[in-house]
Amino acid sequence: IFKGQKIGIVGKTGSGKSTIIDLIIGILKPTSGKIYVDKVDIHDKQNPNKIIEWMRSISYVPQDIFLIDGTIAENITFGIKGKYFKMSKVIKAAKKAQIHDFIESTENGYSTYVGERGIRLSGGQRQRIGIARALYKESKLLILDEATSALDNKTEIELMKCINEISNDLTILSIAHRKTSLKDCDRIIEIQNGLIFSETKPKEIL
């Protein structure tokens, strides 16, 4: 996978999609073979900081977004204290995640509290806040693990268009059941029983 590429990953439940992502992130260590980033093994014993640096360069957006009982801004800038984050950057990330207009429509805007685990928000709104959080981080690698599954088709298409236009340097790995959400990918990899079954261009399967 080259820098700036957009890779779609598809496969039935249990086929091994999440395992591949866990290997790429570094959560799992391969029992055979190695994973190289810029020609360096991420689990290199001679360079123990490599795996930490690699993980810090990744933004992971799961299907089930974890939200704290705080404001929308605090959830987008998750882990960063209020006085240290830039509001302009928060708004920029929210606009790209197609959630800014909704936030502005709430009574307190970005200072609106979401409730415990985001109980005051819909599934689609929670997912878009999770995506805004990932975009705020400005990582080198963005992993979307069924991250748009709660969105309607129109919103999903608009969101993916914004994400794909962010930067030529941003590498994206996207797991999805709806292949239509992967139409702008450079390659689509299909996983079956833990193995790469096929590797195609979107136009070949859509």
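Taken together, the values in this text are just the output of simple stated rules run on the coordinates, not laboratory data. Model, not experiment: these values are computed from the prediction. Positions of Cβ are backbone-derived with ideal geometry, glycine not excepted, and every protein chain shown enters the neighbour counts.
Rg and Dmax of the range 19-133, Cα atoms, in Å?
According to the Cα coordinates of the range 19-133, Rg and Dmax are 17.4, 54 Å.
Stick to Cα atoms and the Kirkwood definition of Rh, then tell me Rg/Rh for the range 84-158.
0.95
By a straight-distance test (C-alpha under 15 Å), which aspartates and glutamates pair with K39 as possible cross-link partners, with residues fewer than eight away in the same chain excluded?
Answer for K39, where 15 Å is the Cα cut-off: E53, listed by chain and number.
Report the one residue of A93, V40, S59 whose Cα lies farthest in the direction of the positive end of the charge dipole of the range 38-101 (charges on C-beta: Lys and Arg +1, Asp and Glu -1; origin at the Cα centre).
About the Cα centre, the residue reaching furthest to the positive side is A93.
Computed over the Cα atoms, what is the radius of gyration of the range 69-126 divided by 2.2 N^0.38 Å, N being its residue count?
Details: Rg = 10.6 Å, N = 58, 2.2 N^0.38 = 10.3 Å.
Taking the Cα Rg and dividing by 2.2 N^0.38 Å, one obtains 1.03.
Taking square-rooted eigenvalues a ≥ b ≥ c of the alpha carbon gyration tensor, is the range 1-87 rounded, prolate or oblate, where a/c under 1.5 means rounded and, failing that, a/b exceeding b/c means prolate?
oblate
Apply the a/c threshold of 1.5 to the C-alpha gyration tensor of the range 24-66 and tell me whether it is rounded, prolate or oblate.
Since a/c reaches 1.5 and a/b is larger than b/c, the shape of the range 24-66 is classed as prolate.
Under 19 Å between alpha carbons, and skipping anything fewer than 8 positions from K203 in its own chain: which lysines qualify?
Within the straight-line cut-off, K203 pairs with K6, K161, K179, K183.
As I understand it, the dipole of the range 1-122 uses +1 on the Cβ of Lys and Arg and -1 on the Cβ of Asp and Glu, about the Cα centre. Which of I103, I68, G8 lies farthest toward its positive end?
Of I103, I68, G8, it is G8.
Give me the dipole magnitude in Debye, nearest 20, for the range 82-140 about the Cα centre, with unit charges on the beta carbon: positive for Lys and Arg, negative for Asp and Glu.
Using Cβ point charges on Lys, Arg, Asp and Glu, the range 82-140 gives about 380 debye.
With each run of n ≥ 4 DSSP H residues scored as -39500 (n - 2.57), what mean residue ellipticity at 222 nm is computed for the chain after dividing by its residue count and rounding to the nearest 500 deg cm²/dmol?
Result for the chain: -9500 deg cm²/dmol, rounded to the nearest 500.
Taking every pair of Cα atoms in the chain, average 1/r, invert it to obtain the Kirkwood radius, and report Rg/Rh to two decimals.
A ratio of 0.98.
About the Cα centre of the chain, what is the dipole size in debye to 20, counting +1 per Lys and Arg Cβ and -1 per Asp and Glu Cβ, all else neutral? Let's see the in-between values first.
Details: 32 positive and 25 negative charges, 73 e Å.
Magnitude of the dipole: close to 360 debye.
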